[in-house]
Amino acid sequence: MVAAHAVDGTWTGATTEWTDGTNWTSNPDVPDGTATFTNTGSNTVDSNGVINIGAVVFTAAPSAQAYTVNTNDIFVVNGAGISNNSTNVQTFNVSSSMVFTNSSSASGGSNVVTYNVSAGAMIFNDTSTAGSANITNNGDVEFNGSSNAGTATITNNIVMNFNDASSANNANITNAATGFLSSNTSATAGTATISNSGSLIFAGSATAGSATITTDQAAPEETGPALALSIALPLGVFASLITVPGAEGLYGAYLAALILAIAANDARYYLIPNELTAAAFALALLRAGAFAPDIGVAALLGRWPARPPWRCRSRSLMAFYRRWRGRVGLGDVKLAAVCGV
């Protein structure tokens with residue numbers, strides 16, 4: 001059996017569609033080896049199908065015109081990566097998942113490649129690198145495995161995570177007030193320069209390395225959530241004590257405070273601490289044991305599935321929390337367990 005050879009092609013672009021073989025010199029095939037862009041064809045390129053490509057090259061001679069590539073479907077780069085040797089900046093608008101694998105680079109060559117991540121995600125796996133890319137993130141950027149951010153210039157407005165053994169390397173990262181930037185497991189910030197106005201977290205064995213990190217002390221505080229908490233806490237305590245006077249109401253007041261503490265931590269760090277959840281669960285069990293001793297632990301636990309969370313007395317507080325958080329995850333399941341008791 002003869003192994004299939006990668007197909008190389010140069011863009012001729014009678015239309016804008018990447019996945020149309022007639023737009024390439026490799027016609028009828030769409031290249032999966034090296035895709036070359038010179039100064040021919042449409043300078044707008046739309047990717048509306050799954051792409052697997054080894055390398056994308058914007059040539060120096062002739063100097064490739066300025067292209068805008070819109071990735072509207074999964075776009076996987078698995079070889080040398082994307083290189084810009086032209087005198088023009090080349091732009092990728094990422095609206096789906098753009099994945100770099102093996103040792104591919106998002107920006108090699110003598111000039112930069114710009115990425116605008118909107119509703120999509122840029123994902124770096126294996127030993128891939130962001131290279132010298134200029135990335136504006138309004139979606140999700142993930143560094144996994146042993147990937148790194150190279151010398152990229154990155155503005156993070158939403159979510160960017162360094163996972164596993166990845167590194168921020170020597171990147172210049174601006175984490176905006178709306179940005180969430182985390183390093184997890186054994187990731188490192190390397191020698192990056194990080195200007196932070198949002199949420200910055202190092203979890204697990206992750207370290208700041210030798211990075212230069214500055215925090216904008218003048219950044220506006222998140223007054224909305226803080227104000228909501230300052231109002232919700234006394235209201236929750238007051239409502240519990242008025243609705244059920246005495247010791248049982250006091251249990252409810254403590255539980256309200258714990259739930260709001262969980263909400264505050266989640267709003268800031270996108271984490272629901274096990275310690276706070278365990279404390280709330282223990283408090284709920286104590287309350288059940290103190291005021292319904294005839295039920296028994298086995299019966300209490302046995303009836304939990306039949307008592308959905310929305311029937312508990314704190315359902316209004318849970319509804320407020322869910323609306324504020326805006327999503328449901330494993331942490332919400334833990335809270336549902338507390339509420340079910």
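The values are calculated or read from the model by the stated rules, or taken from the named source; none is laboratory data. Everything quoted here is computed from the prediction, not taken from an experiment. So basically every Cβ, Gly included, is an ideal-geometry build from the backbone, and we count neighbours across all protein chains shown.
Among strands (runs of 3 or more DSSP E) lying entirely in the range 102-197, which contain 2 or more residues that are touching a residue at least 12 places away in the same chain (Cβ under 8 Å) and closer than 21 Å to residue 55 by Cβ?
Passing ranges, in order: 105-108, 113-117, 121-124, 134-137.
Out of all the residues in the range 27-44, is one or more touching a Ser or Thr at 6+ places or on another chain (Cβ under 7 Å), surrounded by 20 or more Cβ atoms within 10 Å (Cβ to Cβ), under 25 Å from residue 141 (Cα atoms) and hydrophobic (A, V, I, L, M, F, W, C)?
Checked against the condition, which is being touching a Ser or Thr at 6+ places or on another chain (Cβ under 7 Å), surrounded by 20 or more Cβ atoms within 10 Å (Cβ to Cβ), under 25 Å from residue 141 (Cα atoms) and hydrophobic (A, V, I, L, M, F, W, C), the range 27-44 yields no hits at all.
Taking residue 97, is it within 21 Å of the chain's Cα centre (by Cα) and at pLDDT 95 or above?
yes
Within the group 120, 139, 145, which residue is assigned by TED's automatic domain parsing to the domain that holds residue 102 and on the phi > 0 side of the Ramachandran plot?
After ruling out the rest, the residue left standing is 145.
Can you name every residue in the range 91-105 that is over 17 Å from residue 138 (Cβ atoms) and either buried (at least 23 other Cβ atoms within 10 Å of the Cβ) or not assigned by TED's automatic domain parsing to the domain that holds residue 142 (or both)?
Residues satisfying the conditions are 100, 104, 105.
Does the range 19-28 contain at least one residue that is in contact with a helix residue (DSSP H, G or I) (Cβ under 9 Å, 6 or more places away or on another chain) and not basic (Lys, Arg)?
Yes.
Filter the range 119-141 down to the residues that are under 12 Å from the mean Cα position of the chain (by Cα) and not β-branched (Val, Ile, Thr), then identify the one that is nearest to residue 73 (Cα to Cα).
Among those that are under 12 Å from the mean Cα position of the chain (by Cα) and not β-branched (Val, Ile, Thr), it is 120.
Within the range 119-128, which residues are modelled with pLDDT of 95 or more, buried (at least 19 other Cβ atoms within 10 Å of the Cβ) and over 14 Å from residue 161 (Cα atoms)?
Hit for the range 119-128 is 128, nothing else.
Only residues that are of a type outside the set (Ser, Thr, Tyr) and surrounded by fewer than 17 Cβ atoms within 10 Å (Cβ to Cβ): list them for the range 8-24, please.
Listed by number, the residues that qualify are 14, 21.
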